[in-house]
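To keep things clear, I will list the structure first and then write my remarks on it.
The values are calculated or read from the model by the stated rules, or taken from the named source; none is laboratory data. Here the structure is a predicted model, which means the values were calculated and not measured. Quick reminder, even Gly has a Cβ in these numbers, built from the backbone with ideal geometry, and neighbours come from all protein chains shown.
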Ligand SMILES: *Cc1c(COP(=O)(O)O)cnc(C)c1O
């Protein structure tokens, strides 16, 4: 790994060139590799060298470029790319855990993450304890010497609550548990998770890394030991590897990742400031605002408020729908980290299936809107949001 700064790594790290010396990263759309002799086939299966590929489910030159680039960015020794964020979350846990193991997880999770912890792992005899992530006393009370891992999203969806990575890592490490962080909302640009004690960092690369809502992908970043001895055997045999085509798109996306995330975060702050104090909104939630209860933690943990702004239209669901239907620039959808600004109504879409009691607990009110801020001009976005608010 080089000691280049972020933007240099994002453009060059991990690049490999074929004998043609191509400038752009090549896409190797090949599932297999031809061996010069039976002896060299035998030698590759013994795994004599790192870049000796044998089958694309195990590894591929384009995929490897992407893995090396993201590992260098995150500051981990290694990474393994997966077919989706969920394939990455699932593998990060399932590869590690056995019947009888104990996991502690925060409660406020992306629905599919909750399914893996609540339904899949428990089906195979893993014990899972859920805690309110920001409440450190609950983490302290939940971990035991048998706790193998803790899992949490460092910023929750959709109410943008932060979990203190450093503090939870200290609690987890005291009992020898591995700290696995789903860091999507923090983005790899604002992530300092490794330095704060995270052992394994998982991204849905579908979000900011692709950045244009085209491809589904995921990645698990961690130590060489964890990635190659724990994760890889599980991941390569169970079939969730990334497509080389997606890895190639992600390599291209990464060249602009720093510029994009910073531009989105700057606009998110401007939008949050413009919305704060609007009498039609009962709350504006953005960790970059001084009014956010965890503003200091957000600055210490990410140095940014991130790229999402959540706000609550006081008049409720019908008003929220009128607002969304009146938007001219922002699109109604449910992805995030896209170049296009996206408005989501969590109560009726992403979090629709949660029982009311759970929605109340997570603060998912009928008027709540989650805005993933894109790359449009911030003033245009503010004007769009304001005119749409006039329709409620
Ligand atoms: C989107 C998302 C995922 C799942 O990623 P996919 O690429 O859709 O599989 C997991 N965790 C978080 C926090 C997400 O936002």
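You will find that of 363, 367, the residue that is touching a strand residue (DSSP E or B) at 6+ places or on another chain (Cβ under 9 Å), under 18 Å from residue 319 (Cβ atoms) and at pLDDT below 95 is 363 and no other. Would you confirm whether or not segment 51-69 contains a residue that is out of contact with any strand residue (DSSP E or B) (no Cβ under 9 Å at 6 or more places or on another chain), modelled with pLDDT under 95 and assigned by TED's automatic domain parsing to the domain that holds residue 249? Among the residues of segment 51-69, at least one is out of contact with any strand residue (DSSP E or B) (no Cβ under 9 Å at 6 or more places or on another chain), modelled with pLDDT under 95 and assigned by TED's automatic domain parsing to the domain that holds residue 249, which makes the answer yes. So for segment 49-68 (the condition being within 16 Å of residue 184 (Cβ to Cβ), crowded, with 19+ Cβ neighbours inside 10 Å and within 16 Å of the ligand (Cβ to nearest atom)), does at least one residue qualify? No - not one qualifying residue is present in segment 49-68.
Does residue 85 qualify as being within 16 Å of the ligand (Cβ to nearest atom), assigned by TED's automatic domain parsing to the domain that holds residue 233 and surrounded by fewer than 20 Cβ atoms within 10 Å (Cβ to Cβ)?
On the way: within 16 Å of the ligand (Cβ to nearest atom): yes; assigned by TED's automatic domain parsing to the domain that holds residue 233: yes; surrounded by fewer than 20 Cβ atoms within 10 Å (Cβ to Cβ): no.
When the stated conditions are applied, residue 85 does not pass them.
Can you find a residue in segment 229-241 that is within 16 Å of the ligand (Cβ to nearest atom), more than 12 Å from the chain's Cα centre (by Cα) and under 27 Å from residue 24 (Cα atoms)? Yes, segment 229-241 has at least one match.
Residues being farther than 16 Å from residue 91 by Cα and in contact (Cβ under 8 Å) with a residue 60 or more places away in the chain: count how many of those fall in segment 111-145.
Keep residues of segment 111-145 that are farther than 16 Å from residue 91 by Cα, which gives 111, 125, 127-145.
Remaining after also requiring in contact (Cβ under 8 Å) with a residue 60 or more places away in the chain: 111, 134.
Matching residues across segment 111-145 total 2.
Out of curiosity, is residue 86 assigned to a helix (DSSP H, G or I) and within 14 Å of the chain's Cα centre (by Cα)? For residue 86, the condition - assigned to a helix (DSSP H, G or I) and within 14 Å of the chain's Cα centre (by Cα) - is met. Would you say residue 238 is buried (at least 18 other Cβ atoms within 10 Å of the Cβ) and not assigned by TED's automatic domain parsing to the domain that holds residue 340? No; evaluated as a whole, the condition is false for this residue.
For segment 117-124, the condition of being farther than 29 Å from residue 306 by Cβ and touching a strand residue (DSSP E or B) at 6+ places or on another chain (Cβ under 7 Å) holds for at least one residue. Scanning segment 37-81 for residues being within 26 Å of residue 256 (Cβ to Cβ) and either in contact with a helix residue (DSSP H, G or I) (Cβ under 6 Å, 6 or more places away or on another chain) or part of a helix (DSSP H, G or I) (or both) gives a total of 20.
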